Amino acid sequence: MQKDRILNLLHLHFIVFIWGFTAILGKLITIDSLPLVWIRMGLATVFISMYIYFAKFSLKVSKKTFFWLLGGGIVVALHWVTFFLAIKVSTVSVALAMMSTGAFFTALMEPFWYGRKVIGYEIVFGLLVVAGLYLIFKVETQYVFGMGIALISAFLAAVFSLINGKLVQNHRPSIISFYELGVGVIFLSIILILKGDWNMSLVTLPNMDWVYLLILAIVCTAYAFIASVKIMRVLTPYTVMLTTNLEPVYGILLAWFIFGSEEKMKPMFYVGALIILTTVIANGILKQRENIKKRVPKI
């Protein structure tokens, strides 16, 4: 049992490493963020639909659930478009540092979403995240636009996680993803048509772009998603959450290694990023302790 847990933990770190590599691929792919996400979601939908077909899962959902899936699909499409746009107009490091605020946005919205009271330390952590953001904005002024786009993406990621938090209670994650990715493809197709960009140039890409897009869709999306769900059967949500927070760390280290001086930021950038990441992890630790206390029966 212990050996199985260790193997799953190592597998989880590999998956988080893959998620960190997503940002690298976004930088390497030469096309704009909108067609990039359209192709990614289209390919991922195909691969997940194949998984559902062979697993013989039913695609039947209620009308109410479908509307939630519709909203989730639009939100995740916008989240990915803004995420890759932020990478292209700034750097991988800047985008990932801003994306780590997603857990902070989630913590802010949870009380309203689930109808609970705001906890005192959440306000303190919120102020610390703002302080971390202030340091980053102050020293990396040339990337202000990219930072703003990345913060919008982080907010959308938080909304998406709250929507899926409700859906996953009663539906298979693969079914949720199939519908949300499919809706995202249709939504982005409409935008491309309205922009007048619906033509053969969408799929007439350099060979290396197709290689990167296939890796993005198969490895970083379809595989990582299915594998992460299986891992959650063995590891606790707390372990998964803490490990997932290492995604920006892996991504930034990969960016240093691949892009070199282009990804080198000023020292205060890393101080600000560390403040944000530490705050997110501390919030997760305190949340876990609260959950344990709630489960312990009173004598």
If you average 1/r across every pair of different Cα atoms in region 91-183 and take the reciprocal, what Kirkwood value do you get, in Å? 14.8 Å
Computed curve, region 1-59, Cα-only Debye sum without solvent term, log₁₀ I(q)/I(0) at 0.18 Å⁻¹, is -0.88
Which links in K27/K64; K27/K60; K60/K230 stretch past 26 Å when you go from one Cα to the other? K27/K64; K27/K60
Once you treat every alpha carbon in region 149-264 as an equal point and sum by Debye, what is log10 I(q)/I(0) at q = 0.14, 0.19 Å⁻¹? -0.91, -1.45
Using only Cα atoms, figure out Rg for the chain and give it as a multiple of 2.2 N^0.38 Å. 1.01
Would you calculate a helix-derived [θ] at 222 nm for the chain, using -39,500 (n - 2.57) for each DSSP H run of n ≥ 4 and dividing by the full residue count, to the nearest 500? -26000 deg cm²/dmol
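What relative contact order, as a whole-number percentage, does the chain give when Cα pairs under 8 Å and 6 or more residues apart are counted?
On the way: 329 pairs, mean separation 117.4, N = 299.
Reported relative contact order: 39 percent.
Percent relative contact order of region 1-131, based on C-alpha pairs within less than 8 angstrom and at least six residues apart? All intermediate terms of the calculation are to be shown ahead of the outcome.
Numbers: 35 pairs, mean separation 40.2, N = 131.
Relative contact order, region 1-131: 31 percent.
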Hydrophobic long helices for the chain, i.e. whole DSSP H runs reaching 18 angstrom or more by Cα along the axis with Kyte-Doolittle mean at least 1.6, come out as 120-139, 144-167, 173-195
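Each value in this text was obtained by applying a stated rule to the coordinates, not by laboratory testing. All values derive from a computational prediction rather than experimental measurement.
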